[in-house]
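Everything on this sheet refers to the single structure shown next.
Here, each number is a calculation from the coordinates, and none is a lab measurement. Owing to the predicted nature of the structure, the values given are computational and were not obtained by experimental measurement. Glycine also receives a Cβ, built like all others from the backbone with ideal geometry; neighbour counts cover every protein chain displayed.
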Ligand SMILES: [Zn+2]
């Protein structure tokens, strides 16, 4: 199986002790591409360092809603400079709104989300959206302020109605471990409906470990279980589904 994990925090310190062997193992299991998103300046730098070290790793730069209260002008200068001049930087992300944790106040989250929509348009890169319990405000913002943005809904958790609108607006829908959880009946219905040409798969490593590995650290090799689940929902061959999502990932991130 040929896999593109379109969202894996392989720069997380939980991989510091065995990152090389973990990545070797992922390659042995068919992982061909990994997108490593940032959540702040420090993780943008570490994602970029990994992208420089490994051909098959790509980086995104940006600030997560959790960290949006701490972002500085210098951070924005760094993001913009890397987005424009580093050819392994393929997206602005992860950006968005998180009303579940509210680690930054909502006004700040919204301000920095909008600023990064603008940055993405300026540097002409796709965005990677983090949307937790914030569907209404994310969609309203994209409909108005972000109508010229495009990209990915990472770890999609909305309805099929919403997914249809996202697709119409130029977005890809990415599914992570939760689609494998037996209880996720609504999400499985959505995954079944998403057209193949807008579908992506990811792990969100080291979080969201799918069965049968729950409770353990997640890593990009587990993308295969997301592929397996969606292939069986759609009644298709898993290798074919994996190959299609790999090509979709290359297309949205403009990887030649
Ligand atoms: Zn993430």
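Once C-alpha pairs closer than 8 Å and six or more residues apart are averaged by separation and normalised to the residue number of the stretch 107-256, the relative contact order reads 18 percent. The smallest convex shape that holds all Cα atoms of the chain, its convex hull, gives 115 Å³ per residue.
For the stretch 161-234, the relative contact order is 33 percent, taking Cα pairs closer than 8 Å that sit 6 or more residues apart in sequence and dividing their mean separation by the residue count. Normalised by the number of residues in the chain, the mean separation of alpha-carbon contacts (under 8 Å, six or more apart) gives a relative contact order of 20 percent. All C-alpha pair distances within the stretch 216-256, sorted into 10 Å bins from zero, spread as 28, 45, 26, 1 percent across the bins.
Each part reduced to its alpha carbon centroid, the stretch 1-44 and the stretch 229-250 end up 20 Å apart. Ordering 161, 32, 193 from the fewest to the most neighbouring beta carbons within 10 Å gives 161, 193, 32.
Between the stretch 147-172 and the stretch 48-113, the alpha-carbon centres lie 19 Å apart. Of the two radii for the stretch 1-80, the radius of gyration is 1.02 times the Kirkwood radius, both from the alpha carbons; that is the Rg over Rh value. Prolate is the label for the stretch 2-149. Its Cα gyration tensor axes, ordered a ≥ b ≥ c, give a/c of at least 1.5 and a/b above b/c. With helices as the sole contributors, the chain gives -13000 deg cm²/dmol at 222 nm; each DSSP H run of n ≥ 4 counts as -39500 (n - 2.57), and the sum is divided by every residue.
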